[in-house]
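Notes for the one structure printed next.
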Amino acid sequence: MWAFGSLSFGVPWALAAFGLLPALWWLLRAIPPSPRRQAFPALRLLIGLTTPERSVARTPLWLLLLRMVLAVAAITAAAHPILGTAPVRGGGPLLLVVDNGWAAAKLWPQRRAAMDRLVGEAAHAGRPVVVLTTAPPADGSPLAASRLLPAGEAQGVVQALAPLPWPVDRQAAGKALADVPGNGSMRVVWLADGLADGQSAAFGALLRRMGGLEVMEAPRDAVAKLLLPPRADGKDLTSRLRRLPAASPATVSVRAVDDAGRTLAVEQAGFAAGEGDRDVVLSMPAELRNRTSRIEIEGEATAGAVALLDDRWRRRPVGLIDDSAGRSTSPLLDDLFYAERALSSVADVRRGKVAELLGRSLSLAIMPDAGVMGEEDARALRAWVEQGGVLLRLAGPNLARNPDDLLPVRLRGGGRMLGGAMSWTQPMTLAPMPDNGPFSGLPVPKDLKIGTQLLAEPGPDLNDHTWARLEDGTPLVTGAPLGKGWLVLIHTTVGPAWGDLGLSGLFPQMLQRLLDLSQGFAGGIVDHPLAPAEVLDGFGQLGAPGGTVEAIPANAAPPSVGPRHPPGYYGDEGGRRAVNLATDIGPMQALSLPAGAKVTALGAAPLERDLQPFLLFAVLFLLLLDLLAVLALRGRFPRKGAAAMLAVFMACAMPAPGGGDARAASGQGMDIDLQAALQTRLAYVVTGDAQVDETSRAGLSGLSHVLERRTTASLGEPVGVDIGRDALMVFPLLYWPVTGGQGPLSSAAREKVNDFMRHGGLILFDTQDRGDGGSDKLRRLTSGLDIPALAAVTEEHVLTRSFYLLRDLPGRTEGAPVYAQDGGDPANDNVSPVIIGANDWAGAWAVDRRGTPIHAVVPGGEQQREMAYRFGVNLVMYALTGSYKADQVHLPAILERLKR
């Protein structure tokens, strides 16, 4: 590409034809148009006359100028001029720096479009490209810039980029710049996420020394926002929202979501102008709060817009065994008073007798010091603990006199107290918490003092059962398993009678750890690492962890979020721990840039206008004028038809300069709804992956032709639809290939798809996978959709006999189960609104223009392809006609009834 200011030429060598214009001028001047022919019968009278001087006829000047203008327009059109091209800075290679951390997921399509445009410009200019990302790679390798790549190869590199669920590391990216060959003449473009990380100024200065620096970033109000994990404020969950302070106010919606993607609560938070932080309070009943698995910012698909919740945020039921016998009536001396105050903000606390409490779901039971336990209560508590409950016993004088067998260790008779037979001279404090207990890592207050305790009987296993000790090594808290549950004893009172444990900040933390233990969180007992279960991707969706993700320690704070420890869930179902991105990110600050950097808004591509269509139109118009002029000079001018000829030409040629988009060129413009309404058509979802979309189109086209040959259904050519833009109600069937590049649906798109399913539409989700995480992609894609309960399709389902009698439903591959709603939706003629499979049916149906299959079918070959076509026929007939053949499913029973 050659540029002259804002005018560039895609084929600059065609301009060399201007050198031929002088020769063309003389040639056209020397060869005039053919003269007018006039019949003159008396021509014989002129025979014999001599003309003293002959003058050569020449082309009229006006016609000569017309033809020269035509030649200039044709040469310029051949050079493909483009007006409005941005001036390219620097004369060397293009250095494309991409922030691909968590914040880049916001407006990622615009970032991808900007990368494609920049690489395209480099291709036109013949420049090589160097690509440098700033987020640590997912495989754990160090950051490194690419080599000098041809533009075509660089296009593949940028297409493979995706945002990562951790922050950028611009310090490491700056070190990677040392390997980039540059002498200050490069064109440097930085697609920034708009956030500073402490190294952004130094990194920008390094880029500025590489060449002319252009920074593309979103406006402040469009930069990604951050959602911190909530804190429990009584019955509410309070999360803090962070954004870059902007000049305009903003309103943000935050919602609580369960594991199935259903919204449980929605609240809005309003940012004032210039405000960066704002709290949002989600108030929910305990049942809904306990179902909440994540809190997220609506409309932002980033890892920073999601706060994952685990058992620590659930209000678990705790029972305080209260028979009011043998205990002080003063609240300030009552152990249960302190236990209730410590748990009120994190648990659903209930008081009652043993039978009342155990009649409902219970995680932890706390038994204060009381009289002798009844045999019936003892049996009930033992059975409950053996099934997985945790029983916490609180010591006191009654337990010292009458110990029972629902204790983790045997007790000595009497107690050890200040000034007693087994006494110390002054109250003692606690020793550091053992590393092998559930209280590992909890800080011990220096002012906590214990004056009296119950002593445990020494034994070989006492050390293993000791979870907290006094500074002299004697046990203060012991615990032992009983069946699937635990027995725990605090060897002193929680009230002020024997010490001030209940008055310290340590006591609520200890109860919180016991609540974790009550949910099966064994990490507090056995110090084994928690393996990754599910991790977030850059768009904030959970998926399977990669091979480089490592486990986190069970009893310590998780490491910083990064490639080895991405945000997500760690541990098994018995006790998962949530790791969130926002925990490691401080206050958000705007990106600081070096002097001389050119800043452009992300997505603000230069307004280019392709002049070639206009010039081609001018060439055709001038050719028509030249033709009419020549006819006029020869006396054959079509006076009556000339105006009509010009009008027809203008009507046909005028739309050409306007161009159009790809959808209009392929017949899928603004009349897509009208096309589908006038003739039944199958539709497929456009994924953005050219190969997948072409397979979907070719597959549905092949299936439509099979239906036309074998049934009375006459279908038009299939149509690709954009979920966010096109109407879906005019299509009976929507084929939806599931790919990794598809992000979660917007709120408007989710509502549109739900409305399509509610009104009789059928969606076939095809994950097309053979163990490559297709189910995770599908779960991310369908989050928030009203998908009914599904079951595997059996031979009894109407889908297997709506036209052909089928046993299997293969596609390009076979063996994967197919799922549909069992019995269908009664409101839509018992037709399932969703069918899910993984057999790549479009790949089996796909044919080229000659009707030849495009893809091989394995393992069954052409016989399997025929069965795939039959499934497709059944599927379309099922979508079009409903369950009118449902009686065939019950035909054996009907015939048997007729016999009787």
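The values are calculated or read from the model by the stated rules, or taken from the named source; none is laboratory data. Model, not experiment: these values are computed from the prediction. We place every Cβ from the backbone using ideal geometry, glycine too, and count neighbours over all the protein chains shown.
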Query raised in the report: Filter the stretch 280-293 for residues that are in a strand (DSSP E or B) and β-branched (Val, Ile, Thr); which is farthest from the chain's Cα centre (by Cα)?
Result: Val281
Requested in this report: Consider only pairs whose beta carbons are under 9 Å apart and that are at least six residues apart or on different chains; among these, list those whose first residue lies in the stretch 800-815 and is at positive phi and assigned to a loop (DSSP other than H, G, I, E, B) and whose second residue is at pLDDT below 85 and of a type outside the set (A, V, I, L, M, F, W, C).
Outcome: Gly815/Arg770
Query - Residues of the stretch 198-218 that turn out to be modelled with pLDDT under 85 and not in a strand (DSSP E or B), as a count - result: 1
Report summary line: Reported set for the stretch 480-496 where residues are within 15 Å of Leu407 (Cβ to Cβ) and either at pLDDT 95 or above or among the hydrophobic types (A, V, I, L, M, F, W, C) (or both) is Ala480, Leu482, Trp486, Leu487, Val488, Leu489, Ile490
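Conditions tested, residue by residue: (1) modelled with pLDDT under 90; (2) closer than 24 Å to Val390 by Cα; (3) surrounded by fewer than 23 Cβ atoms within 10 Å (Cβ to Cβ).
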| position | (1), (2), (3) |
| --- | --- |
| Ala551 | no, no, yes |
| Ala556 | yes, yes, yes |
| Gly562 | no, no, yes |
| His565 | no, no, yes |
| Asp584 | yes, no, yes |
Query raised in the report: Applying the selection to the stretch 219-242, what residues are within 30 Å of Leu288 (Cα to Cα), over 20 Å from the mean Cα position of the chain (by Cα) and assigned to a loop (DSSP other than H, G, I, E, B)?
Result: Pro230, Gly234, Lys235
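Does the stretch 344-354 contain at least one residue that is part of a helix (DSSP H, G or I), at pLDDT 90 or above and more than 47 Å from the chain's Cα centre (by Cα)?
yes
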Query raised in the report: Residues in the stretch 462-488 that are over 26 Å from Trp384 (Cβ atoms) and surrounded by 15 or more Cβ atoms within 10 Å (Cβ to Cβ): how many?
Result: 3
Query raised in the report: In this structure, is Arg240 outside the structural domain of Val385 (by TED's automatic domain parsing), touching a Leu at 6+ places or on another chain (Cβ under 6 Å) and surrounded by fewer than 18 Cβ atoms within 10 Å (Cβ to Cβ)?
Result: yes
Requested in this report: Identify all residues within the stretch 129-157 that are within 25 Å of Leu7 (Cβ to Cβ) and outside any strand (DSSP E or B); write none if there are none.
Outcome: Ala151
Query raised in the report: Taking the stretch 824-866 as the region of interest, how many residues are buried (at least 17 other Cβ atoms within 10 Å of the Cβ), touching a Lys or Arg at 6+ places or on another chain (Cβ under 9 Å), over 28 Å from Asn754 (Cα atoms) and of a type in the set (A, V, I, L, M)?
Result: 3
Query raised in the report: When you go through Asp755, Asp766, Asp772 one by one, which is the residue that is at pLDDT 85 or above, assigned by TED's automatic domain parsing to the domain that holds Ala844 and surrounded by fewer than 16 Cβ atoms within 10 Å (Cβ to Cβ)?
Result: Asp755
Report task. Report whether or not Ala272 is small (Gly, Ala, Ser) and free of Cβ contacts under 8 Å to residues at least 24 places away in the same chain. Result -> yes
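So how many residues does the stretch 294-319 have that are among the small types (Gly, Ala, Ser), closer than 18 Å to Val266 by Cβ and part of a strand (DSSP E or B)?
Total meeting the criteria: 1.
Gln691: in a loop (DSSP other than H, G, I, E, B) and modelled with pLDDT under 85, yes or no?
no
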Report summary line: Only one of (1) in a strand (DSSP E or B); (2) out of contact with any Phe, Trp or Tyr (no Cβ under 8 Å at 6 or more places or on another chain); (3) surrounded by 13 or more Cβ atoms within 10 Å (Cβ to Cβ) does not apply to Gly261, and that is (1)
Query raised in the report: Gly459 versus (1) assigned by TED's automatic domain parsing to the domain that holds Ile366; (2) part of a loop (DSSP other than H, G, I, E, B); (3) crowded, with 18+ Cβ neighbours inside 10 Å: which is the lone unmet condition?
Result: (3)
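Results for (1) surrounded by fewer than 16 Cβ atoms within 10 Å (Cβ to Cβ); (2) touching a Lys or Arg at 6+ places or on another chain (Cβ under 7 Å); (3) among the aliphatic types (A, V, I, L, M), shown as yes or no for each residue.
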| site | (1), (2), (3) |
| --- | --- |
| Trp313 | no, no, no |
| Tyr338 | no, no, no |
| Arg351 | yes, no, no |
| Ser361 | yes, no, no |
| Ala365 | no, no, yes |
| Met373 | no, no, yes |
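Rundown of residues vs (1) surrounded by fewer than 20 Cβ atoms within 10 Å (Cβ to Cβ); (2) over 30 Å from Ser248 (Cα atoms), yes/no style:
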position: Ser283; (1), (2): yes, no
position: Ala286; (1), (2): yes, yes
position: Glu296; (1), (2): no, no
position: Ala301; (1), (2): no, no
position: Leu320; (1), (2): no, yes
position: Leu343; (1), (2): no, yes
